[in-house]
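Undergrad: I have a structure here, written as structure tokens, and I will follow up with some questions on it.
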Amino acid sequence: MQSQITKDITIDDDGLAHLEEVLKLNLLVFGEDRLINRMDHQPILFLTAHCERQLAGFKIGYSLNRDIFYSAKGATSPLFRRRGIATRLLFAMMSKAAAMGFKELQYDTFPVKYPGMVVLGFKNGFQIKRMIWNREYGDYQIRLSRIIK
């Protein structure tokens, strides 16, 4: 299946303004109400992607330390998959994190459950930082990393 790149995508740092929609998308994609464990990280980025006047995706990230920004969670609506939205959200987060002075962006994924996130990372210059077995998910948890500055 070939990707259809959509140019009509807006990315904004306005997740709280769309929290109700984001929570619905999170429940649809992940089957859980929890976005991330804590929302009091500083700084935190809560990006949304809109396409055709609808929420197409979101991405939440925060500082792990002064050099590393961590993308904690993101999702693309099934209605808007394969249109480059996850890539646009990832690059927007990298750009904003670099502008805040961070040198590296990292994220975790589970390759059996979300193989597309591993492919997305490798296609965009991310490398495996670590890999551990996660009993709760019954899958390897892979930390991917990329220098952004």
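Bear in mind that the values in this text are calculations on the coordinates, not laboratory data. These figures come from a predicted structure and were not determined experimentally. Positions of Cβ are generated from backbone atoms using ideal geometry, with glycine treated the same way; all protein chains shown enter the neighbour counts.
Undergrad: Under 29 Å from the Cα of Lys149, which lysines turn up, not counting those fewer than eight places away in the same chain?
TA: Output for Lys149: Lys7, Lys59, Lys73, Lys96, Lys103, Lys123, Lys129.
Undergrad: In nm, to one decimal, how far is the modelled label at Val119 from the one at Glu136, with both set 7 Å along Cα→Cβ?
TA: About 2.7 nm, to one decimal.
Undergrad: Oh, and also: Add +1 for every Lys or Arg and -1 for every Asp or Glu among the other residues with Cβ under 9 Å from the Cβ of Ala49, and state the total.
TA: Residues near Ala49 contribute +1 overall.
Undergrad: Taking the simple approach of a point 7 Å from Cα along Cα-to-Cβ for both Leu16 and Lys149, what is their distance in nm?
TA: Spacing of the two 7 Å Cα→Cβ label points: 2.3 nm.
Undergrad: Give, rounded to the nearest 20 debye, the magnitude of the charge dipole that segment 9-147 has about its Cα centre when Lys and Arg contribute +1 at Cβ and Asp and Glu contribute -1 at Cβ.
TA: Roughly 540 debye, rounded to the nearest 20.
Undergrad: While we're on this one: Stretch Leu23-Ala99 to full length: gain in nm at 0.36 nm per residue minus the Cα-Cα span?
TA: That pair, Leu23 and Ala99, stretches by 24.6 nm at full extension.
Undergrad: With unit charges on the beta carbon (Lys/Arg positive, Asp/Glu negative), name the residue among Leu19, Thr48, Leu90 whose Cα is farthest towards the positive pole of the charge dipole of the chain.
TA: Ranked along the dipole, the leading option is Leu90.
Undergrad: Separate question: Within segment 1-89, list the trypsin sites (Lys or Arg not before Pro) lying in a DSSP loop whose Cβ has at most 12 other Cβ atoms in a 10 Å radius.
TA: Hits after loop and neighbour filter: Lys7, Arg34, Arg38, Arg53, Arg66.
Undergrad: Given that just one value was derived from the coordinates, which of (i) -0.43, -0.51, -0.67, -0.96; (ii) -0.47, -0.52, -0.65, -1.00; (iii) -0.26, -0.32, -0.47, -1.01 is log10 I(q)/I(0) by the Debye sum over Cα atoms at q = 0.09, 0.10, 0.12, 0.17 Å⁻¹?
TA: So the calculated entry is the one marked (iii).
Undergrad: Sticking to Cα atoms, compute the Rg of segment 70-113 to one decimal and its Dmax as the biggest Cα-Cα distance, whole number, in Å.
TA: When restricted to the Cα atoms of segment 70-113, Rg and Dmax are 11.9, 34 Å.
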